[in-house]
1. Let me make sure I get this right: for segment 13-122, a, b and c are the square roots of the gyration tensor eigenvalues over alpha carbons, sorted descending. Under 1.5 in a/c it's rounded, otherwise prolate if a/b > b/c, else oblate. Which is it?
2. Could you compute the FRET efficiency for residue 60 and residue 121, with r as their C-beta to C-beta distance and R0 at 30 Å, rounded to 0.05?
3. R0 = 35 Å: FRET efficiency of residue 133 with residue 1, Cβ-based, nearest 0.05?
4. With +1 assigned to the C-beta of every Lys and Arg and -1 to the C-beta of every Asp and Glu, and no other charges, what is the dipole magnitude of the chain about the Cα centre in debye, to the nearest 20?
5. Given points 7 Å out from each Cα along the Cα-Cβ axis, report the residue 18 to residue 148 separation in nanometres with one decimal.
6. Using only alpha-carbon positions, what ratio does the radius of gyration of segment 77-128 give when scaled by 2.2 N^0.38 Å?
7. Determine ³J(HN,Hα), in whole Hz, for all residues of segment 106-121 in sequence, where each value follows from phi through the Karplus function 6.51 cos²θ - 1.76 cosθ + 1.60 and θ = phi - 60°; x replaces Gly and Pro.
8. If I take every Cα pair under 8 Å that is 6 or more residues apart in the chain, average their sequence separation and divide by the length, what percent do I get for the relative contact order?
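All of the numbers you see were taken from the coordinates with simple rules; none came from a lab. Quick caveat, the model's predicted, so the values are computed rather than measured. Note that we place each Cβ from the backbone using ideal geometry, even for glycine, and neighbour counts take in every protein chain shown.
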Amino acid sequence: MGELIGYGRVSSRSQSLDIQIAALTAAGVTTEHLYLEKASGRKRDGRVALEDLLGRGIRKGDTVVCTRLDRLARSTRDLLHIAETLDDKGVALRVLEQPIDTTNPTGKLFFTMLGAFGEFEASIRAERQREGIDAALAKGDDSPFKGRPPSINIEAV
């Protein structure tokens, strides 16, 4: 039997990984087998811990553990690429908050469907955010996107 290898990610530097670390260690992942990063999931570039995990952090028989699929990838394409890499290396995937087991056809189907729904949700959220920003910008001076207020008195300068 291989090792449990944990992966945790948050999207911004201000967010904490503490909840994911607690869940991964409670699932049996040791701290020496944790791959953690603070990076956007929308792009693969800059996700050094994930690349390290996929490149040399896993061996045949290991199981990669993450709390949710959206921590691993935000697009179906990337998710399927990661799943293929794991499968090629003989590594299983376990997702703590979703009943996913990639070692059987039903689990692979469920994995793919959840990935597609996750990508759809992210796209809808980005679209709503863009609509809100555009509406705020259309307000002109009342827009919250005009920058922060000056921190010094301009007349004093």
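1. Working: a/c = 1.33, a/b = 1.10, b/c = 1.20.
Taking the square roots of the gyration eigenvalues as a ≥ b ≥ c, segment 13-122 is rounded.
2. Details: r = 33 Å, r/R0 = 1.11.
Plugging the Cβ-Cβ distance into 1/(1 + (r/R0)^6) gives 0.35.
3. Values: r = 50 Å, r/R0 = 1.42.
The formula returns an efficiency of 0.10 here.
4. 100
5. Using points 7 Å along Cα→Cβ, the separation is 2.4 nm.
6. Working: Rg = 12.1 Å, N = 52, 2.2 N^0.38 = 9.9 Å.
Ratio of Cα Rg to 2.2 N^0.38 Å: 1.23.
7. In residue order, the calculated couplings are 5, x, 5, 4, 4, 4, 5, 5, 4, x, 5, 5, x, 5, 4, 4 Hz.
8. Details: 201 pairs, mean separation 30.4, N = 157.
Over the chain, the number comes to 19 percent.
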